[in-house]
Amino acid sequence: MHAHTLEELLPSLISASRNKPDTPLSILDVGCGSGYLTAALGRLVDKGTTRFGGPISPLVSGNVYGIDVVPELVDMSKSNMKKDDADLLHSGTVTVQLGDGWKGLPDKAPFHAIHVGAAADDFPHNLMMQLAVGGVMVIPVGPDGGIQNLYRVEKLRESPTFHGEDFAIDRLLGVRYVPLVRIGP
């Protein structure tokens, strides 16, 4: 699933890098769990201060923000990254923190790519609004224990309020994920 997600996100990251080469890429990983995909995303946009020497061409450098609602998973993600990817944390390329996946990180938006690693029962408008124009979100949607599908959501145009027509939504494949946890109203 991680490879499929990276394949879906990569074209928008390449496009953003070519269209605005002086603008750092910004990526949000909702439900960072073990930290594996967060680290993989970090390697794509490595700031160049690490042993690997910079972002993977043709991408520009940037930041990856991993969030999870479960404190133990935030700790596990950081711990796992410290084993072989500590340079990503030390350089600031990757940050991992406690966060509500339904709300995202509006203070760090807009994002060129968003990955959601848990199934939302409906499309989270807050996350969709945090995409940059041309940005892509990969998200599983469907009820817990029911039919779920992985979707690719692309933001087509900027708007101060949510309008469904501002997004292109493509169903990719059937999946089974844990639910995206809601905390508070």
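The values are calculated or read from the model by the stated rules, or taken from the named source; none is laboratory data. Only a predicted model underlies this, so the values are computations on that prediction, with no experimental measurement involved. Here Cβ is always computed from backbone atoms with ideal geometry, including for glycine, and neighbour counts include all displayed protein chains. Ligands, DNA and RNA are excluded from the accessible area calculation, which covers all protein heavy atoms including side chains. Shrake-Rupley method; radii C 1.70, N 1.55, O 1.52, S 1.80 Å.
Miscellaneous remarks
- Test for Pro106: is it open to solvent by 50 Å² or more (accessible area, probe 1.4 Å), in contact (Cβ under 8 Å) with a residue 60 or more places away in the chain and of a type outside the set (Val, Ile, Thr): no
- Some residue of the stretch 31-41 being touching a Gly at 6+ places or on another chain (Cβ under 8 Å), at pLDDT 90 or above and of a type in the set (S, T, N, Q): yes
- Flag if Leu127 is aliphatic (A, V, I, L, M), outside any loop (DSSP other than H, G, I, E, B), in contact with a strand residue (DSSP E or B) (Cβ under 7 Å, 6 or more places away or on another chain) and open to solvent by 30 Å² or more (accessible area, probe 1.4 Å): no
- A residue that is over 11 Å from the mean Cα position of the chain (by Cα), within 23 Å of Pro179 (Cα to Cα) and not small (Gly, Ala, Ser) occurs somewhere in the stretch 105-112.
- Residue satisfying all of: in the stretch 62-104; among the acidic types (Asp, Glu) and closer than 25 Å to Leu10 by Cβ; nearest to the chain's Cα centre (by Cα) among these: Asp68
- Qualifying residue in the stretch 94-101 (condition: over 23 Å from Arg18 (Cα atoms) and either touching a Ser or Thr at 6+ places or on another chain (Cβ under 9 Å) or of a type in the set (Val, Ile, Thr) (or both)): yes
- Residues of the stretch 85-124 classified as touching a Cys at 6+ places or on another chain (Cβ under 8 Å) and not in a loop (DSSP other than H, G, I, E, B), total: 1
- Within the stretch 151-185, tally of residues that are open to solvent by 60 Å² or more (accessible area, probe 1.4 Å) and of a type in the set (S, T, N, Q): 1
- Exactly one residue among Leu98, Leu25, Leu13 is touching a helix residue (DSSP H, G or I) at 6+ places or on another chain (Cβ under 9 Å), open to solvent by 30 Å² or more (accessible area, probe 1.4 Å) and at pLDDT 90 or above, and that residue is Leu98.
- Candidates are the residues of the stretch 42-77 that are open to solvent by less than 20 Å² (accessible area, probe 1.4 Å) and part of a loop (DSSP other than H, G, I, E, B); the one that is modelled with the lowest pLDDT is Thr50.
- Any hit, the stretch 37-44, residues being free of Cβ contacts under 8 Å to residues at least 24 places away in the same chain and over 25 Å from Glu158 (Cα atoms): no
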